[in-house]
Structure formats: structure tokens, C-alpha cells
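First the structure, in the form of C-alpha cells, and then the observations on it.
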Amino acid sequence: MSPRRFWVAIIVCLVLMCAAALVAPLIGSAHIDYSRAIAGESPDHEILFLVRFPRVLLALLAGGTLAMTGVLFQALLRDSLAEPYTLGVSSGSALGAVLAICLGWRAVWPPAFLGAAVTLFVVLAIAYQRHKLSSFTLLLAGVSINSIAMASILFLHNVATFSQSFAITRWLMGGLDSPRYSVLGWLAGVVLPICAVIFWQARHWNLMAVGEEWAATHGVNSSRLMVGGYISGSIMTAAITAFTGPIGFIGLIVPHGLRLAVGADHRVLLPCSFFVGAAFLVICDTFARTLLSPVEIPVGVITALLGGPFFLWLLRTSSR
């Protein structure tokens, strides 16, 4: 890709994200006006800055992070079906959240993040042998831990009370809320620096996508890059999942759709995936909170309903 097309693709995706972020807060059951909200007039000010805008910011962070992590894991594992939840971190986070719900804890995200951290270190301990970590052993370890965690979730769901069972089902569907700005700042402080480091190593991910031996022949420490990429992607997935629950398909359909449009060069694919993934989740969340208003649909249901048919169409188009 020429440098001009490189920057055009990134700018177009950035504009798409900004447009979604500006338009989405205006859509809802209650009409608001930007000028009135900025002037501090009620209720426009409260609706925009305390309810809708924080939720849009969370959707931007979550969608962009999940899409970028999908690109990263597909390069590390060289598996076109890899996504942020492939290596078990999401199921570990879900197990922590379900356990917190069963114990009656009000704050779900700390045990969810802790569960993801424990899963991360267990998978690394299993897959890291003889000072080397291969994509094959990492994938097998992640899938095995994922199965164990999901079985534990089913057991806890079975013994939970009716109200706890409802809360567990709702959390596992994935959803967005309006967090405090301090929470958004903490989340952005964890996620965005890691995204910057991943983008900075875009050339290395191009080599890893071909193969570990190929990367090693070009002077890249493939084992260290594998460990660093897995830890980075897992931390980002854990941070997002702890607050939103598992939201599927974003890390799968956004990277594949963009590969058809901009190619497989990670120097352009990574930033474009972040911007388009952020816009995609903002749009899905707008549908989730307005389609059956005042009842909200879990955004994970919307991404699955939109992502499933789109991915099938994508497979059909790519085969042609």
C-alpha cells in the first residue's frame, strides 16, 4: 500500500469513529441539544454528560480495544478464527464475576479482573516450557482453561438463586452502562498505552503473522514477542471484559472486514481496526438502548445478531 492510501485509510476510519461518537449521544428516548447541554441547562446537561457521553466513551474504548486485540491474536496464533476470547482470559473474567454475584458482592469488576489475571498466569505457566512459548501450545492451553472455566460457570449458575441466575445471565450477555469519569480514566490509562505499544511493533506483527521461524530469521525474538503479545492482549481483554462482560464478534468481523478493504499490513490494519471497532460498538449500543426503549437489549446480543450474518456474508464474499 502506498503512503498516500495508508494515511487515507486511517483518516477515513478516524472520521467514522468521530462521527459515531458525536451523533450517538443525540439519539435516545429524550431529545437533547448540544448548545443547551454545553450551556449547563437541565435536563440536557445531565443527560448528555452524566448518562450518554460516558457510555459512548466506554463503547469507544471497548470496541476499539477488542478489535485491535483480535488483530493481535490472529497474528500471534496465525488463526483466522482467533479473537480476544480465544485464549481463555474472558472465561476467567466471567468466572470471577459469576462467583462475585453468587457471593452477593456489589462490585463485580474487581473479582472479574482478578479471575482474568489468574487465568493469564495459569495459561502462561502451562504453555511456557524450556524458555519458549509456541502459538500451538498457547492455543491448546487457552482452550483447555476456557473449557474448565465455562464448566465452573455452568455449575455456579445451576446452584445460584433465581435473582442471582438472572444477574449471571445478564452479565454473560455483555452490556454497557454509564460509568463515572474516574473509571473511564482508569480504564483508558490501562488500555491506551498498551494499544500504542502494540501499534509501535506493527512491523513485528507482520513477521509473526508469517511464522515464528520467519520472524526469527529477521532478527525478532519470537518467543519474547509471543509472551509480550499474549500478556498485552490479555490485559486489555481483561480490563474491558471486567466492566462490560463478554461482547463477541467485534474482534472477529472488524479485522476481517478491514483486511478486504485495506489489506493485511498491520501498520494500517491495527489503527483502522481500533477506529472501526470503536464506531461499530457505539452504533450497536445505540441500537441496544433505543430499539425497544425503554427496555434495553444487551449489546452483546446486538453484536451477535449483526456480526453472525455479516461474517457469513464475509466468508461467502472472500471465497468468491
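The values are calculated or read from the model by the stated rules, or taken from the named source; none is laboratory data. The structure presented is a predicted model; accordingly, all values stated were derived computationally and were not measured. We place every Cβ from the backbone using ideal geometry, glycine too, and count neighbours over all the protein chains shown. Areas reflect the complete protein model, heavy atoms only, side chains present, ligands, DNA and RNA absent. Shrake-Rupley method; radii C 1.70, N 1.55, O 1.52, S 1.80 Å.
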Task: Span-rule helices in the chain, defined as complete DSSP H runs reaching 24 Å or more along the axis (Cα) with Kyte mean at least 1.6 - done: 3-23, 53-77, 109-127, 181-200
Task: When the stretch 257-320 is reduced to its Cα atoms, the Kirkwood hydrodynamic radius in Å - done: 13.2 Å
Open item on the list: If I take R0 = 30 Å and measure r between the Cβ atoms of residue 106 and residue 27 in this structure, what FRET efficiency does the formula 1/(1 + (r/R0)^6) give, to the nearest 0.05?
Closed with: 0.45
- [ ] Please work out the Kirkwood hydrodynamic radius for the stretch 13-112, using every pair of different C-alpha atoms, and report it in angstroms with one decimal place.
- [x] 16.5 Å
Task: Extension gain from residue 264 to residue 217, taking 0.36 nm per residue of separation minus the Cα-Cα distance - done: 14.9 nm
- [ ] Can you work out the accessible area per residue across the stretch 148-267, with the rest of the protein chains kept in place, probe 1.4 Å, in square angstrom?
- [x] 47 Å²
Task: Kirkwood Rh in Å, taken over the stretch 172-217 so that all alpha-carbon pairs contribute - done: 13.4 Å
TODO: With the full set of protein chains in place, find how many percent of the accessible area of the chain is carbon and sulfur; take the probe as 1.4 Å.
DONE: 70 percent
TODO: Please get the size of the charge dipole for the chain, origin at its Cα centre, with Cβ charges of +1 on Lys and Arg and -1 on Asp and Glu, quoted in debye to the nearest 20.
DONE: 580 debye
Task: Largest-first principal axis extents, alpha carbons of the stretch 190-316, Å - done: 57, 35, 18
Open item on the list: Need the C-alpha centroid separation for the stretch 3-56 versus the stretch 287-307, integer Å.
Closed with: 19 Å
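Residue 42 to residue 287: extension gain in nm, 0.36 nm per residue of separation minus the Cα-Cα distance?
85.7 nm
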